[in-house]
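Nothing in this text is a laboratory measurement; each read-out follows from the coordinates by a stated rule. Worth saying up front: this structure is predicted, and the values here are computed from it rather than measured. Here the Cβ positions follow ideal geometry from the backbone for every residue, glycine too, while neighbour counts run over all protein chains shown.
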Ligand SMILES: Cc1cc2nc3c(=O)[nH]c(=O)nc-3n(C[C@H](O)[C@H](O)[C@H](O)COP(=O)(O)OP(=O)(O)OC[C@H]3O[C@@H](n4cnc5c(N)ncnc54)[C@H](O)[C@@H]3O)c2cc1C
């Protein structure tokens, strides 16, 4: 494998304080330097992204008194992909008195991530989770309440308590409206300046320090440079490298990939989450997949026929001829096993020829028992909008027939490497939310992304960034600085190149083909031979892209093909790194399943001796350099994960 990458120095310091784990976050906050309120007004921060992570960060930094510039590519910050989140947000409140605690949320998350996340970060996340709910309630987020008026909760996969707070099937939307209102308040107060319909295309690094971004005004095509004392990336995940995913169509890797090319290490790029409950693909021309929230597994039962190739209608298959395979294989967690496990189990039964629906690529998620037990109205009150969405897409009514579901790409645990302060390896560049690799290890538990995004944005970053900003005042940088001019010229040159190729293939056709390669070889199951094949094909396709892509129109107008082409060019480079990462990790862990490394009963088999580390990759322009950050477990014992 030495032709694919080289190994560099290990990462020795993550800046997490030592001492008892429950005191580390307090210790870090007390040890970090503060900036006094009068000086904050003189310091500026760019925040790229207005989802839950970026929206909450920009609003909080504005409230603290910094000068903030906030960027998003949508027409409104309120349209960030976070709005799509359905099921809920975790917090260790223990309102149900069912044995939950900070320690249990910490433990569940480390175990759920298959022992590939950092203990210090995860413990802090569990501690902060409690504050998030109070913050959002104070903002007026309409969380579901029970009959007595107390906040209601439900369960998500990989846990045996009920700690997920929700707002029907629209939790992300309601949380985002809360963050958006806080952001708008700061915009009105003049601390935050909003740049919507602006796409960051380059990071400006001066003397090794992040000092700004180059962005394109997506309406006029104008290329702008924006300078600041620190830059925060909150640009979301890169699941769309697979073309088909549950992510919003616009989600892409450009912001983090550009920073990676400028020196920020990219961690665990191959860790992708495949969500078990999505509406199966219906045809060749589909460009988007739809999630059916994990919350449905609270009441829905997953099954397939016992017999292969059984084409009877579900209602005609008697109980004795149904295989409720999750309940059978994992009796303790049943339908609420974590996503990686449920996804692989669905793939296995479909591979055995027992899948349902077109092409046999589906399993049933059946609510008949819940409807009989709770009544139709109670089920509608909990999941009504999700049932309606399913019916609109498939034409089938889940009150009458079971839903058909199949795994799909949903979330990326990998991202830019950050230390305990959420700072990347480029000083002054911070990364929050799905864009960083931080807290979920090799598999994210449901309802933990919203928790992490808001923990980062409302609570962690505003505290840790002050330690960096306290080094100010920083040297003033002008637009004519050599590094600024270079970054701008690089963006202009790339746009010119994309427009001048004038080939015969659309950007989308390349993206679709790249996605198919990634799904086939770097998807739910990976092998050495398959990943090598994928690497060859990705390289061929990338070369073809740079000679055959056709981008009609000009730069100086709204040009969605130009936007797409730039993003796909970055996806090609990322895809290659994902395959190298997946190839070098010759173990299975969480969402990364190497067929060569499994237990006799087909579960993921980790190799802690060789792979208990974060793989942080350095960009070189040719073979990347691997830096390992060893993971040490003082508080949770590493064991073979079992949900049986
Ligand atoms: C269908 C669906 C349902 C989900 N449900 C849940 C759930 O119930 N619970 C849970 O915990 N998680 C859920 N998730 C995951 C969760 O929604 C996301 O991980 C989370 O919202 C990501 O938030 P973020 O702020 O990091 O990024 P995003 O919300 O993706 O925001 C990214 C922001 O960055 C901006 N941006 C990106 N690139 C650039 C650029 N180059 N220039 C300028 N701006 C840029 C975008 O405009 C946007 O504002 C779900 C995900 C999906 C797909």
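Taking 0.36 nm per residue of separation and subtracting the Cα-Cα distance, full extension of the segment from residue 42 to residue 249 would add 70.8 nm. Ranked by the mean number of other Cβ atoms within 10 Å of their residues, highest first, the peptides 566-578, 473-485 come out as 566-578, 473-485. Rounded to 0.05, the FRET efficiency of the residue 377 and residue 640 pair, given R0 = 45 Å and the Cβ-Cβ distance, is 0.55.
For the chain, the alpha-carbon radius of gyration amounts to 0.92 times the rule-of-thumb value 2.2 N^0.38 Å expected for a compact globular protein. If R0 equals 35 Å, the separation of the Cβ atoms of residue 605 and residue 508 corresponds to a calculated FRET efficiency of about 0.35. Going from the residue with the fewest nearby Cβ atoms within 10 Å to the one with the most, 426, 132, 393 rank 393, 426, 132. Summed over qualifying helices (DSSP H, 4 residues or more, each -39500 (n - 2.57)) and divided by its residue number, the chain shows a 222 nm mean residue ellipticity of -11000 deg cm²/dmol. Computed packing ranks the peptides 109-117, 201-209 as 109-117, 201-209, most packed first, by mean other Cβ atoms within 10 Å.
Exposure proxy for 272, 527: other Cβ atoms within 10 Å of each Cβ, ordered fewest to most, give 527, 272. As a length-normalised measure over Cα pairs under 8 Å and 6 or more apart, the relative contact order of the range 288-403 settles at 29 percent. Could you give log10 I(q)/I(0) at q = 0.22, 0.23 Å⁻¹ for the range 1-90, computed by the Debye formula over C-alpha point scatterers of equal weight, without solvent? Values returned for q = 0.22, 0.23 Å⁻¹ are -1.03, -1.05.
With respect to the chain, whose longest principal axis is taken over its alpha-carbon atoms, helix 171-189 is tilted by about 20°.
Cα-based values for the range 498-644, radius of gyration first and Dmax second, are 19.1, 59 Å. Kirkwood hydrodynamic radius computed over the range 127-183 comes to 12.1 Å, based on all pairs of distinct alpha carbons.
Using C-alpha pairs below 8 Å separated by at least 6 residues, the relative contact order for the range 235-322 is 25 percent.
Highest mean packing first, where packing is the average number of other Cβ atoms within 10 Å per residue, the peptides 317-323, 334-340 line up as 334-340, 317-323. Relative to the longest principal axis of the Cα atoms of the chain, the long axis of helix 119-139 makes an angle of roughly 90 degrees. How far, in degrees from 0 to 90, does helix 339-351 lean away from the longest principal axis of the Cα atoms of the chain, to the nearest 10? Taking Cα atoms only, the helix is inclined about 50 degrees.
Using every pair of alpha-carbon atoms in the range 245-360, split the distances into 10 Å bins beginning at 0 and state the percent of pairs per bin, rounded to integers. Final binned percentages: 11, 33, 31, 15, 7, 2. Classified by the C-alpha gyration tensor, the range 331-381 has an oblate form. Its axis ratio a/c, with a ≥ b ≥ c, is 1.5 or above, and a/b does not exceed b/c.
Once you compute Rg and the Kirkwood Rh from C-alpha atoms, what is the Rg to Rh ratio for the range 84-158?
Over the Cα atoms of the range 84-158, Rg/Rh equals 0.98.
What percent does the relative contact order of the chain come to when contacts are Cα pairs within less than 8 Å and at least six residues apart?
Relative contact order comes out at 21 percent.
Under the shape rule built on the C-alpha gyration tensor, where the axes satisfy a ≥ b ≥ c, the range 305-369 is oblate, since a/c reaches at least 1.5 while a/b does not exceed b/c. Among 513, 544, a tally of other beta-carbon atoms within 10 Å of each Cβ gives an order, fewest to most, of 544, 513.
Note on residue 476 and residue 96: the model spin-label points, each 7 Å out from Cα along the C-beta direction, lie 5.8 nm apart. Based on alpha carbons, the Rg and Dmax found for the range 355-437 are 20.3, 58 Å. Per-residue extension of 0.36 nm, minus the Cα-Cα distance of residue 520 and residue 399, leaves a gain of 40.2 nm for this segment.
log10 I(q)/I(0), Debye, Cα-only the range 147-275, no solvent, q = 0.11, 0.16 Å⁻¹? Here log10 of I(q) over I(0) equals -0.61, -1.11.
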